[in-house]
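The structure under discussion appears below in the form of structure tokens.
The values are calculated or read from the model by the stated rules, or taken from the named source; none is laboratory data. Source: prediction; values computed, not measured. So basically every Cβ, Gly included, is an ideal-geometry build from the backbone, and we count neighbours across all protein chains shown. Please note that ligands, DNA and RNA were not included when accessible areas were found on the heavy atoms of the full protein model with its side chains. Shrake-Rupley method; radii C 1.70, N 1.55, O 1.52, S 1.80 Å.
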Amino acid sequence: MNKGFPEWIRQAWGAGPDFRNTRELIEDLGLHTVCQSARCPNRGQCWRRNTATFMILGDVCTRNCAYCAVRNGPPAPVQPDEPERVAEAVRRMRLKHAVVTSVTRDDLADGGASYFAQTIQAIRHASPGTVVEVLTPDFGGAVDAVSTVLQRVPDVFGHNVETVPRLYPSVRGSAADYARSLEVLKWAANFTPKPIVKSAFMVGHGESRQEVRETLEDLVAAGCVAVCIGQYLRPTPSQREVVEFVPPQQFEEYDEMARALGFEYVAAAPLVRSSYWADRLIAAPFAETPSPAVREV
Amino acid sequence: MRYEVTLPSMGDDSDESAKVSFWLVKEGEIVMEGDDLIELTTDKAAFTVPSPKTGTLVARTVDEDDDIAAGDVICILEV
């Protein structure tokens, strides 16, 4: 255990009836969440707020990134009723904003894109007013797979670059490619109808301020309008060590930097994760204009 | 009435364990429901554990640097 956390790396342990209700609902429906698989420190807070980030396509990833606690190995077959179970959870939880992500499934012909599409559709039917945000893998750069997801009109399309390009080999491994991830984002930003395009990355891996700036510039150039920046936290001793705990003031600098570069939605703070407070980050446009969630699919 | 406060399960797939960093409440002190009782660390972060009830903390059952797991009794309240 690391007893040396700075004071800003502190959250509430999951407790209380609201937390238990969320946990039991997820267990009852046999769902996976990235909250659990990634050992997210915010899940006590999020689950108490009756929200969670659903992880589809199982809980075993075909990639093995050095920062991630999600299990790696040969995945189990996809469960055909998983989209319906996710939708049922969204309905029961009365989520106004649902975030759906997945493990990477390089073993599937379309990388699992069709299951993202089915899940979006199922949520639309079960809970028509819900804003749907997807956070997808790179689908090996297959733009047809990206289009399969986008054709179901997610309100927010997210794909995370995770770190600055220099650190890709050591943080993400050889299976990931920074330029490919930017192409995925660019494809989404040029799609019609255009979703809100979002990305996220961690700091604390040893990147410089200049590298953070350049990554933000790349994301803006790719068409991203929303970005989340948070501190990397090592889930277990098996993952890569934290190089630096970036102080909150530096996150404020990154926040200002991102806004100055043109991002419309920015969340930058030590405990920010890509779907943390996702509903609040993206809430404004849906309060002012009819939600894309009601567009015809 | 004595009430055993246990460390709730976080719903992890794997073992849920943490190390006690320090207590935030002394024996004999009154705590309100929601007040933080104790700070723990896992591999990933530090956490505070809120009191599930209002009452008087009559006994701590874990000490600093103890490794504890979900379901373990951490203290006893008189409620």
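A few remarks follow.
- Residue in the stretch A:6-35 that is modelled with the lowest pLDDT, counting only those that are closer than 21 Å to residue A:274 by Cα, facing chain B (nearest Cβ under 7 Å) and assigned to a loop (DSSP other than H, G, I, E, B): A:14
- Within the stretch A:139-178, the set of residues being in a helix (DSSP H, G or I) and free of Cβ contacts under 8 Å to residues at least 12 places away in the same chain comprises A:168, A:169.
- Filter result (open to solvent by 60 Å² or more (accessible area, probe 1.4 Å) and either part of a helix (DSSP H, G or I) or farther than 23 Å from residue A:237 by Cα (or both)) within the stretch A:41-95: A:48, A:49, A:50, A:76, A:77, A:79, A:80, A:81, A:84, A:91, A:92, A:94
- As a summary of the residue check, residue A:101 satisfies the conditions (1) within 22 Å of residue A:146 (Cα to Cα); (2) away from chain B (no Cβ under 13 Å); (3) free of Cβ contacts under 8 Å to residues at least 60 places away in the same chain except for the one numbered (3).
- Taking the numbered list (1) open to solvent by less than 30 Å² (accessible area, probe 1.4 Å); (2) more than 14 Å from chain B (Cβ to nearest Cβ); (3) touching a residue at least 60 places away in the same chain (Cβ under 8 Å) in turn, residue A:38 passes all entries but (2).
- Test for residue A:47: is it within 8 Å of chain B (Cβ to nearest Cβ), over 18 Å from residue A:107 (Cβ atoms) and touching a strand residue (DSSP E or B) at 6+ places or on another chain (Cβ under 6 Å): no
- Subset of the stretch B:8-46 [part of a strand (DSSP E or B), under 23 Å from residue B:79 (Cβ atoms) and not aliphatic (A, V, I, L, M)]: B:23, B:36, B:39
- Single residue of the stretch B:38-54 satisfying the filter (more than 7 Å from chain A (Cβ to nearest Cβ) and surrounded by fewer than 22 Cβ atoms within 10 Å (Cβ to Cβ)) that is farthest from the chain's Cα centre (by Cα): B:54
- Taking the numbered list (1) within 14 Å of chain B (Cβ to nearest Cβ); (2) without any contact (Cβ under 8 Å) to a residue 60 or more places away in the chain; (3) among the aromatic types (Phe, Trp, Tyr) in turn, residue A:187 passes all entries but (1).
- Residues in the stretch A:173-191 that are in contact with a helix residue (DSSP H, G or I) (Cβ under 9 Å, 6 or more places away or on another chain), open to solvent by 50 Å² or more (accessible area, probe 1.4 Å) and under 11 Å from residue A:147 (Cα atoms): A:187 alone.
- The lone exception for residue A:220 - which of (1) touching a residue at least 40 places away in the same chain (Cβ under 8 Å); (2) open to solvent by 30 Å² or more (accessible area, probe 1.4 Å); (3) assigned to a loop (DSSP other than H, G, I, E, B) it fails: (3)
- Looking across B:78, B:16, one residue alone is open to solvent by 40 Å² or more (accessible area, probe 1.4 Å) and either closer than 28 Å to residue A:68 by Cα or more than 14 Å from chain A (Cβ to nearest Cβ) (or both). It is B:78.
- If the condition is being open to solvent by less than 70 Å² (accessible area, probe 1.4 Å) and within 14 Å of chain A (Cβ to nearest Cβ), then the stretch B:55-75 contributes B:62, B:66, B:68, B:69, B:70, B:71, B:72, B:74, B:75.
- Selection count where residues are open to solvent by 40 Å² or more (accessible area, probe 1.4 Å) and farther than 15 Å from residue A:279 by Cβ, scope the stretch A:96-113: 5
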